[in-house]
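First the structure, in the form of structure tokens, and then the observations on it.
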């Protein structure tokens, strides 16, 4: 009795391999064909990638079998390996009729990362994380790129080291490449950068004291990494802004060229008011410098020439502080 049981168990273990060997020679229209070689991405190895079936009434499910090999490596699966994995992934699929090779070799889809592809990745990341809405970033490599083999699938860049000043006309960046959750590698490259945007340029000579709103200005494309002090908040609807200096034709308007129109001008006589509790003193004082609302300026008593300081309240009044 014991001997019969052992023979039966042996037969059950051997039978699947015999069936695989016999069915491997099948040539029917409904036979499953094991592919000799396939390339996959980082998401894994799936049943419909390694098997084909010409029969129109049979659909091979997109069932996960195993993890994908790492980039540059390959894995080999025999018919029996695929059958075991398929039984767990798609138990309802009858795999009893086979053609094709006895084993499939699985590798990763790869491509060379060209200069243009790298620059696109870096530009997208640095625009989003550093340049933002300051303009349109343009990058160029200043040294040959080795064009490494990378997974042929969507890649992302993670910046690992950036200069303290951020994006400048010339800088070096260290970064990591990722394909989904898979780390591809680390690199460091020197770059030349420009950030392009429209900036205000004097169409004719603009004089000191002219209102900025409605000034004879044209917008021209410029690299704001080179012209770092360009006034970027133009056009403006603020009628209190004026030019602080003369700007010649064809020159950009800089931040230092613009100021809020002062309420009080140097040399102007205004009312100086001093209050201390119930005590209030008012006298005419001369402004020694221009001042906008809320700004502290120097004034003097024209009669005694005694210098005081006060805060501009309006175009006629400065509140004196002692």
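The values are calculated or read from the model by the stated rules, or taken from the named source; none is laboratory data. Quantities reported herein were computed from a predicted structural model and do not represent experimental measurements. Backbone-built Cβ (ideal geometry, glycine too); neighbour counts: all protein chains shown.
Here are a few things to note about the model shown:
- Spans of helices (runs of 4 or more DSSP H) in segment 23-127 with at least 3 residues surrounded by 14 or more Cβ atoms within 10 Å (Cβ to Cβ), in the same structural domain as residue 180 (by TED's automatic domain parsing) and in contact with a strand residue (DSSP E or B) (Cβ under 6 Å, 6 or more places away or on another chain): 115-126
- Failed condition for residue 131, given (1) closer than 19 Å to residue 180 by Cα; (2) in contact (Cβ under 8 Å) with a residue 40 or more places away in the chain; (3) part of a helix (DSSP H, G or I): (1)
- Cβ-Cβ contacts under 6 Å between residues 6 or more apart (or on different chains), taken from a first residue in segment 203-217 that is in contact (Cβ under 8 Å) with a residue 12 or more places away in the chain and assigned by TED's automatic domain parsing to the domain that holds residue 255 to a second residue that is exposed (fewer than 15 other Cβ atoms within 10 Å of the Cβ) and assigned to a strand (DSSP E or B), are listed as 203/218.
- Once segment 90-125 is narrowed to residues that are free of Cβ contacts under 8 Å to residues at least 60 places away in the same chain and in contact with a helix residue (DSSP H, G or I) (Cβ under 8 Å, 6 or more places away or on another chain), the residue that is farthest from residue 44 (Cα to Cα) is 93.
- Residue list for segment 228-242, restricted to those being surrounded by 17 or more Cβ atoms within 10 Å (Cβ to Cβ) and in a loop (DSSP other than H, G, I, E, B): 231, 234
- Within segment 273-285, residues that are over 21 Å from residue 315 (Cβ atoms) reach partners that are exposed (fewer than 10 other Cβ atoms within 10 Å of the Cβ) with beta carbons closer than 9 Å, at six or more positions or on different chains, in the pairs 276/322.
- Among the residues of segment 176-186, those that are surrounded by 14 or more Cβ atoms within 10 Å (Cβ to Cβ) and free of Cβ contacts under 8 Å to residues at least 24 places away in the same chain comprise 176, 178.
- In segment 154-170, residue nearest to the chain's Cα centre (by Cα) [restricted to those that are crowded, with 16+ Cβ neighbours inside 10 Å and closer than 14 Å to residue 139 by Cβ]: 157
- Any hit, segment 144-153, residues being in contact (Cβ under 8 Å) with a residue 12 or more places away in the chain and under 22 Å from residue 222 (Cβ atoms): no
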